[in-house]
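The values are calculated or read from the model by the stated rules, or taken from the named source; none is laboratory data. Predicted, not measured: the structure shown is a model, and the values here were computed from it. Cβ atoms come from the backbone with ideal geometry, glycine included; neighbour counts cover every protein chain shown. Calculation scope for accessible area: heavy atoms of the full protein, side chains included, ligands and nucleic acids excluded. Shrake-Rupley method; radii C 1.70, N 1.55, O 1.52, S 1.80 Å.
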Amino acid sequence: MAKKVAVINMKGGVGKSTLRINLAWHFAVMEPWDKKVLVVDLDPQFNASQYMLGVQRYESQIYRANRPTIWDIFEQATRAPGLRASGRKLTDAVFSVVRYRDGSGIDLIPSQLELSYTLKNPSQKEHLLANFISEMETNYDLIITDCAPTESILTTAAYLASDSILIPVKPEFLSTIGLPLIQQSLGDFSKLYRKSLAVTGVCFNHSSEYAPEATTSKREVRQVCDNFGWHVFDQEIPYSRSFPKGAREGRPFFNTSYRRGTKAAEVADFCDSLGARINL
């Protein structure tokens, strides 16, 4: 069965989408992993989808092609007839990003802005993503879900479709603000749905060398995590201008031009640590 990890923080701007995409690339491409990875974009802002494919490819092969997305999974009761009329199925929402000869590769369930409409009428939809993924999870080694930074039906859907969560934190002022919200969210979810999710850990993302603020923020985060019993990864994701460059080009961090080898090694070290922790 696939390892199913949701990347979440109730605070925005911590680099969730960037981290998630580079995790997918690392585990699909880098040895010894060579895994089959499914990426699920559960954010109406669909940043991860555009990062994964590049803006032009997303526009031509998803948006203009009117391809099914995560929105269709949640709104299948109303949108399925239209899909059938166009000769498409709900499973066409799974888009093949890249395939390799050894069987490894990355698939994507892309998002779109209209997913926000689902929040207007959320009743009885939270199980639909988990049901959809359960039918195909044996095809993958790893399923990574990118979550919006707000509590909603989409958060519940991500929890139901996952076994654990990864919490990226940007070490800066107010870096701990989203952590108690996640703790409360997980507790409420466990009581309501009788399912507990493991916290795989908290990772420092976009870490910089600005020692005074970064040091203080990291100490505060570790204190909160100690209180919650959460693991904090020793390995960190460094700040690099190559991350936004990769987003524009639709390429992984380690394949961007002029990226520094030392930073690529730090990213790889974190990915490998995560893979070992989830027994991938």
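Is it the case, given these coordinates, that Asp226 is surrounded by fewer than 11 Cβ atoms within 10 Å (Cβ to Cβ) and not hydroxyl-bearing (Ser, Thr, Tyr)? Yes; evaluated as a whole, the condition is true for this residue. Hey, does segment 40-60 have a residue that's touching a Phe, Trp or Tyr at 6+ places or on another chain (Cβ under 7 Å) and among the hydrophobic types (A, V, I, L, M, F, W, C)? No: zero hits. Scanning segment 117-146 for residues being over 16 Å from Ala77 (Cα atoms) and not in a helix (DSSP H, G or I) gives a total of 9. Within segment 72-87, none of the residues are modelled with pLDDT of 90 or more, out of contact with any strand residue (DSSP E or B) (no Cβ under 6 Å at 6 or more places or on another chain) and on the phi > 0 side of the Ramachandran plot. Looking only at residues of segment 193-233 that are out of contact with any strand residue (DSSP E or B) (no Cβ under 8 Å at 6 or more places or on another chain), under 23 Å from Ala157 (Cβ atoms) and of a type in the set (Ser, Thr, Tyr), we find that the one that is modelled with the highest pLDDT is Tyr193.
Only one of the numbered conditions (1) modelled with pLDDT of 90 or more; (2) part of a loop (DSSP other than H, G, I, E, B); (3) crowded, with 16+ Cβ neighbours inside 10 Å is violated by Pro149, and that is (1). So, Ile21, is that one among the hydrophobic types (A, V, I, L, M, F, W, C) and within 24 Å of Tyr117 (Cα to Cα) or not? For Ile21, the condition - among the hydrophobic types (A, V, I, L, M, F, W, C) and within 24 Å of Tyr117 (Cα to Cα) - is not met.
Within this structure, Asn121 passes the test of being under 21 Å from Tyr159 (Cβ atoms) and without any contact (Cβ under 8 Å) to a residue 24 or more places away in the chain. Within segment 57-84, the residues that satisfy the criterion of being open to solvent by 10 Å² or more (accessible area, probe 1.4 Å), of a type outside the set (Lys, Arg) and either within 18 Å of Ala6 (Cα to Cα) or touching a residue at least 12 places away in the same chain (Cβ under 8 Å) (or both) are Gln61, Tyr63, Asn66, Trp71, Glu75, Gln76, Leu83.
For (1) surrounded by 16 or more Cβ atoms within 10 Å (Cβ to Cβ); (2) of a type outside the set (D, E, K, R); (3) modelled with pLDDT under 95, each residue gets a yes or a no:
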| residue | (1), (2), (3) |
| --- | --- |
| Arg101 | no, no, yes |
| Pro110 | yes, yes, no |
| Glu114 | no, no, yes |
| Lys120 | no, no, yes |
| Ser123 | no, yes, yes |
| His127 | no, yes, no |
| Asn131 | no, yes, no |
| Ser134 | no, yes, no |
| Tyr140 | yes, yes, no |
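If we keep just the residues of segment 165-181 that are within 25 Å of Ala130 (Cα to Cα) and over 12 Å from the mean Cα position of the chain (by Cα), which is surrounded by the most Cβ atoms within 10 Å (Cβ to Cβ)? Among residues in segment 165-181 that are within 25 Å of Ala130 (Cα to Cα) and over 12 Å from the mean Cα position of the chain (by Cα), the one surrounded by the most Cβ atoms within 10 Å (Cβ to Cβ) is Leu179. Listed by first and then second residue, the pairs with beta-carbon distance under 9 Å, at least 6 apart or on different chains, first residue in segment 1-16 and open to solvent by less than 10 Å² (accessible area, probe 1.4 Å), second among the basic types (Lys, Arg) and at pLDDT 95 or above, are Ala2/Lys36. In segment 29-46, the qualifying residues are those that are among the aliphatic types (A, V, I, L, M) and within 16 Å of Thr145 (Cβ to Cβ), and the one that is surrounded by the fewest Cβ atoms within 10 Å (Cβ to Cβ) is Leu38.
Contact map, segment 85-110: first residue in contact (Cβ under 8 Å) with a residue 60 or more places away in the chain, second residue in a strand (DSSP E or B) and acidic (Asp, Glu), Cβ cut-off under 6 Å, separation 6 or more or different chains; pairs are Pro110/Asp41. Taking the condition closer than 26 Å to Ala276 by Cα, open to solvent by less than 20 Å² (accessible area, probe 1.4 Å) and either in a strand (DSSP E or B) or not β-branched (Val, Ile, Thr) (or both), does Ser196 pass? No.
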